[in-house]
Each structure stands twice: as C-alpha cells, then as structure tokens.
Amino acid sequence: DVLRDLPDKLEENMYTRLEGEQQKLYDAHVKRMKLLLDKQSEEEFNTSKIVILSELTKLRQICCHPKLLKMDMPGFNANMVSGKFEAFKDMILDIVEEGHKVLVFSQFVQMLQQIRGWLQMTDIPFCYLDGSSKDRLEQVDRFNNSPDIPIFLISLKAGGTGLNLTSA
C-alpha cells in the first residue's frame with residue numbers, strides 16, 4: 001500500500017581497498033582456508049560445509065573491520081585500520097553536513113557497536129537498534145520525530161521487518 005508513496009530507491013556501489021595490515025590478515029586467512037580445503041576429500045568437504053561458511057563469514061568480518069574477529073586469531077592487531085570503515089566515516093560526515101538522514105544496516109552487531117563508538121566520540125546523534133534493545137519503538141519514534149538525529153544504526157535481524165521509518 002505504501003510502495004507507490006515512496007521515492008525511487010537510489011543505489012550506489014562504492015568500492016574501497018583493504019588497508020595495510022587488514023589486507024595481510026585477509027590474505028593470510030584466505031591462504032589458511034585454501035590449505036584447509038586442499039587437504040579435504042570430497043566427502044570431508046561435504047560434511048564440513050558449516051565450517052567453510054564460518055570461515056567465509058570471518059573473511060566478511062575482516063572486510064568490515066578486523067576488530068570483529070576474536071583477538072586470539074593469528075595476525076590480529078587491535079589497532080588495525082579498516083578501509084571500509086574509513087570510507088564509511090567520510091560518507092557519514094558528508095551526510096550529516098548536508099542535513100540528510102540515513103539508515104545503517106549491518107548483519108554484524110559488533111560492526112554497529114564499532115560505528116556507535118565512533119559516533120559517540122564525534123558527538124553525532126544517532127538511534128540504535130539490535131536484538132538486545134528493549135526500547136525498539138522509542139528508538140523508531142526518536143528517529144522519525146527528531147530532525148537532529150541523522151543516523152539510525154540497525155541490525156538486520158532486529159530491524160529486518162516491521163519498522164516504520166518514514167523520516168529517512
């Protein structure tokens with residue numbers, strides 16, 4: 001019913017490079033996966049699909065921000081920079097400066113927490129929703145009704161359905 005009232009969706013793909021140590025960590029993890037897969041028979045491969053999916057998720061996490069990985073992983077450095085996160089911060093600063101509102105979705109709650117920490121440090125107001133949020137409707141109302149809150153951080157699971165975010 002509301003589809004015809006919505007503006008056209010604008011989609012823009014942006015590409016970033018992995019940063020120094022982030023690239024090395026990614027490459028090392030790919031190499032480790034290749035070794036793991038090369039040693040497996042077809043039968044072992046078929047029974048270890050969950051492990052493979054888990055390893056692919058780790059690669060996605062490295063791309064978002066290396067801090068999403070557990071600290072005990074070989075090659076992990078807590079001070080690593082994320083190319084994607086640096087590009088994201090530049091975009092957010094532009095969006096805020098231009099007076100726009102934006103919804104930021106992530107499958108990784110830890111990524112939203114990284115973003116939340118940066119927004120708090122830079123004094124950019126935001127709303128936040130993940131599976132542990134107790135004030136779901138209050139966050140939606142705050143975002144919709146406050147022109148001073150330009151950003152809403154939302155986990156895919158918590159915000160995938162049933163949100164009325166008319167102000168974005």
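The values are calculated or read from the model by the stated rules, or taken from the named source; none is laboratory data. Model, not experiment: these values are computed from the prediction. Cβ: placed from backbone, ideal geometry, glycine included. Neighbour counts: every protein chain shown. The area values use the complete protein model at the heavy-atom level, side chains included, leaving out ligands, DNA and RNA. Shrake-Rupley method; radii C 1.70, N 1.55, O 1.52, S 1.80 Å.
General observations
- Portion, in percent, of the accessible area of the chain that falls on carbon or sulfur, probe 1.4 Å: 52 percent
- Surface accessible to a 1.4 Å probe, Arg136 within the full protein complex, Å²: 80 Å²
- About its Cα centre, the chain has a charge dipole of approximately 620 debye under the convention of +1 per Lys or Arg Cβ and -1 per Asp or Glu Cβ, with nothing else charged.
- Theoretical gain in end-to-end length, Leu137 to Val30 [0.36 nm per residue, Cα-Cα removed]: 34.4 nm
- With Cα atoms, 0 to 90° folded angle of helix 20-38 axis to the chain main axis: 50 degrees
- C-alpha long axis of helix 49-64 to longest principal axis of the chain, angle in °: 50 degrees
- Partners for Lys39 among aspartates and glutamates (Cα-Cα distance below 18 Å; same-chain residues under 8 apart left out): Glu55
- Solvent exposure of the chain amounts to 69 Å² per residue of accessible area, where only protein heavy atoms count and the probe is 1.4 Å.
- Annotation for Thr16 and Arg4: the two label points, set 7 Å from Cα along the Cα-Cβ direction, are 4.0 nm apart.
- Counting only aspartates and glutamates at least 8 places from Lys49 when in the same chain, those with an alpha carbon closer than 20 Å to its own are Asp38.
- Qualifying lysines (Cα of each under 21 Å from Cα of Lys9; at least 8 residues distant if same chain): Lys101
- When Glu19, Glu42 are compared by accessible area of protein heavy atoms, the largest-first order is Glu42, Glu19, using a 1.4 Å probe.
- For region 1-143, relative contact order (Cα pairs under 8 Å, six or more residues apart, normalised by length) works out to 22 percent.
- Helix 136-145 axis versus longest C-alpha principal axis of the chain: approximately 50°, rounded to the nearest ten.
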